[in-house]
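The values are calculated or read from the model by the stated rules, or taken from the named source; none is laboratory data. Treat the numbers as computed from the prediction; the structure is a model and nothing was measured. Quick reminder, even Gly has a Cβ in these numbers, built from the backbone with ideal geometry, and neighbours come from all protein chains shown. All accessible areas refer to the heavy atoms of the entire protein, side chains included, with ligands and DNA or RNA removed. Shrake-Rupley method; radii C 1.70, N 1.55, O 1.52, S 1.80 Å.
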Amino acid sequence: MTTLFISDLHLDETRPDITRAFFDFLQNKAMQAKALYILGDFFESWVGDDDSSALITSVKSELKALTEHGVLLYFMHGNRDFLVGKAFCKEVDAKLLADPTVISLSGEQTLLMHGDSLCTDDQEYMQFRKMARDPAWQKDALGKPLEERRAIAKHLRTVSGEANSNKAEDIMDVNATAVIAALKEHHCTRLIHGHTHRPYRHQLSINDQSAERIVLGDWDRAAWYLSDESNELSLKSTPL
């Protein structure tokens, strides 16, 4: 059976078209799969597992229907939804993955990452990432009232958008040296990640051995997914 990989849906109330496309994907393509891996930035923002907005409630219901059907569900944090916790995963019966995680895919050791940790040239973001992943910072953030957390998340999205608009495109992409280092560290010849919104299959060489970096696409104009149907990896998209 097929294993599917997606990332960077950025689910948000302002983009109901993406939510509809995702639910269609779940009810059709994903229902026929063995497993679905969500590699971060599933939500545009996440302010805590106690958030019960209409969007989140409907997403939970659809994910639960998928896992009750017998499909294995795996979730990895992104830079937008790093506060997703055990309560959410328990409710939808998903396994929370560390970033990075190694799996065996079609007989090959494969490294899974969200991808933001590879963007080492963006020093400003890397500093924020270090702070936001600190357990003490997260505990303090989650201790604030829900409405305050929503306001903070909205402010951070605005600041991030303004900052990114002034950065060179290559700074926001992965660092080639960081990619090779990650593959070597985890003894893998394949890397699957999202984050950069630049879907492509990059051929690499590590110590004269062929390797590959597969970048998942975001769901802004098309629904991107990676499939290993019949043990053959295929990066596909359908228009939203």
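Could you tell me whether any residue of segment 214-225 is in a helix (DSSP H, G or I) and either touching a Lys or Arg at 6+ places or on another chain (Cβ under 9 Å) or closer than 30 Å to Asp51 by Cβ (or both)? No, segment 214-225 has no match at all. Residues satisfying the criterion are absent from segment 152-169 (criterion: assigned to a helix (DSSP H, G or I), touching a Cys at 6+ places or on another chain (Cβ under 9 Å) and open to solvent by less than 70 Å² (accessible area, probe 1.4 Å)).
Right, Thr101: closer than 13 Å to Cys188 by Cβ, at pLDDT 95 or above and polar (S, T, N, Q) or not? Criteria met by Thr101.
The single condition among (1) within 24 Å of Phe82 (Cβ to Cβ); (2) of a type outside the set (Gly, Ala, Ser); (3) surrounded by 17 or more Cβ atoms within 10 Å (Cβ to Cβ) that Arg190 does not satisfy is (1). Taking segment 44-66 as the range and being open to solvent by less than 50 Å² (accessible area, probe 1.4 Å), outside any helix (DSSP H, G or I) and not charged (D, E, K, R) as the test, the residues that pass are Ser45, Trp46, Val47, Gly48, Ser53. Filtering Ala178, Ala182, Ala211 for residues that are outside any helix (DSSP H, G or I) and open to solvent by less than 30 Å² (accessible area, probe 1.4 Å) leaves a single hit, Ala211.
In this entry, His114 is excluded by the filter for residues that are open to solvent by 40 Å² or more (accessible area, probe 1.4 Å), within 13 Å of the chain's Cα centre (by Cα) and either at negative phi or modelled with pLDDT of 95 or more (or both). Going by what's in this entry, would Leu11 be described as surrounded by 14 or more Cβ atoms within 10 Å (Cβ to Cβ), among the aliphatic types (A, V, I, L, M) and within 30 Å of Cys188 (Cα to Cα)? Against the criterion (surrounded by 14 or more Cβ atoms within 10 Å (Cβ to Cβ), among the aliphatic types (A, V, I, L, M) and within 30 Å of Cys188 (Cα to Cα)), Leu11 does not qualify.
The residue that is farthest from Asp49 (Cα to Cα), counting only those in segment 125-151 that are open to solvent by 60 Å² or more (accessible area, probe 1.4 Å) and touching a residue at least 40 places away in the same chain (Cβ under 8 Å), is Arg133. Residues in segment 67-80 that are surrounded by 19 or more Cβ atoms within 10 Å (Cβ to Cβ) and polar (S, T, N, Q): Asn79 alone. Candidates in segment 92-111 are the residues that are open to solvent by less than 30 Å² (accessible area, probe 1.4 Å) and within 27 Å of Asp50 (Cα to Cα); of these, the one that is nearest to the chain's Cα centre (by Cα) is Leu97.
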